[in-house]
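All of the numbers you see were taken from the coordinates with simple rules; none came from a lab. For clarity, every value in this text was computed on a predicted model and none was experimentally measured. Cβ placement follows ideal geometry from the backbone for every residue including glycine, while neighbour counts extend to all protein chains displayed.
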Amino acid sequence: MKILRKIWARQRLFSTIFVCLLTVLVISFSLSTVLVPYAMATEDSWATMAEIPTARAGLGVAVVNGKIYAIGGSTDHQLDNNEEYDPATDSWTTKTSMPIQRHRFAIAVVQNKIYVIGGEIPGNYYSGNQVYDPATDTWETKTSMSTARADLCASVVNDKIYVIGGGYQIIWPRPSNVTEVYDPETDSWSYGKDIPTAVVHPAAAATTGVFAPKRIHILGTNTHQVYDPERDVWSNATIMPTPRKELGVAVIHDTLYAIGGGFPESGVNYESQNANEQYTPSGYIPEFPDTTPPFPTTLILATIVVIAVVGAALLVYFVKIRKTTGEGEKVTPEGVM
């Protein structure tokens with residue numbers, strides 16, 4: 001009987017351990033899906049966010065420390081507005097205005113500072129270069145580029161700003177294929193190689209390959225074209241809900257924010273827009289499991305819980321064995337039973 005009791009106790013113990021292990025594993029895998037909220041985002045889709053306070057086209061948009069800065073632009077005249085958007089709270093804050101009113105300029109970020117270059121001011125094209133520091137909410141004027149132009153774009157490589165394309169000549173603008181390179185460290189300009197085909201007022205943004213594949217997104221009125229630099233191919237994606245051109249585009253965690261812009265009206269005039277629409281690219285996060293740190297953390301916690309459960313179960317087991325052994329050797333007046 002004593003042996004049977006021990007066997008029965010062991011079976012109950014192992015059954016309890018098995019149930020505990022199964023429960024912990026189910027909970028851990030359930031938590032892993034809960035702790036990865038980005039994976040629930042719908043791919044190739046748009047969502048409407050808080051509207052920009054000042055409706056405008058021809059503005060510049062830049063990102064510093066997770067905040068989006070919408071600068072300049074125009075309605076029926078050029079603007080110097082500077083407004084900050086916080087995606088975490090879906091809210092806007094007014095910041096210090098630009099030193100000069102302008103639109104259709106190039107914008108770039110180096111070392112958490114925003115450089116606003118060229119563009120159009122009232123009555124003329126502009127070659128000026130101002131830098132905004134979000135940390136101090138202040139502006140500073142830097143060396144101007146050589147070629148006054150508007151509708152140009154800028155990209156940053158190795159902390160140098162490459163200002164490319166655009167247009168010059170205020171009446172009947174002509175496309176420019178000029179490339180100028182600005183070094184913020186020395187506050188100096190140099191020329192780069194001209195682009196093969198001149199471009200005017202592109203709205204472009206690039207994903208980094210961290211949360212979504214590396215792609216260049218070109219946005220405009222009723223068009224959304226995507227370039228794959230690795231395969232050297234173009235494709236079409238979902239267009240913006242609000243048709244517009246001369247908008248600003250920013251990228252945070254490989255999610256695009258399309259802000260402001262204008263819609264053609266009567267052929268040549270534009271109606272400024274205050275739309276702010278978020279785009280989640282195709283291939284967002286699920287194709288990149290190594291960018292989901294909560295999952296291994298969950299497994300580590302689950303392992304600790306499993307060890308704790310097994311340890312507690314073994315402790316109970318040995319205590320029961322000790323009690324059973326003690327009960328089997330009771331002392332009576334006739335001797336040991």
Query raised in the report: What's the tally of Lys pairs in segment 45-285 whose alpha-carbon atoms lie under 22 angstrom apart, where the two lysines are 8 or more places apart or on different chains?
Result: 11
Report task. Would you calculate the separation in nanometres between label points at ASN158 and GLU43, each defined as 7 Å from the Cα along the Cα-to-beta-carbon direction? Result -> 3.6
Report task. Mind checking the full-extension length gain between ASP133 and ILE252? Use 0.36 nm per residue of separation minus the Cα-Cα distance, one decimal, nm. Result -> 41.0 nm
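Taking the Cβ of each residue in ARG231, ARG56 as the centre, tally the other Cβ atoms inside 10 Å and list the residues starting with the fewest.
Numbers: ARG231 8, ARG56 27.
So the ranking, lowest neighbour count to highest, is ARG231, ARG56.
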Query raised in the report: Given segment 45-285 reduced to its alpha-carbon atoms as identical point scatterers, what log10 I(q)/I(0) does the Debye formula return at q = 0.09, 0.11 Å⁻¹?
Result: -0.34, -0.52
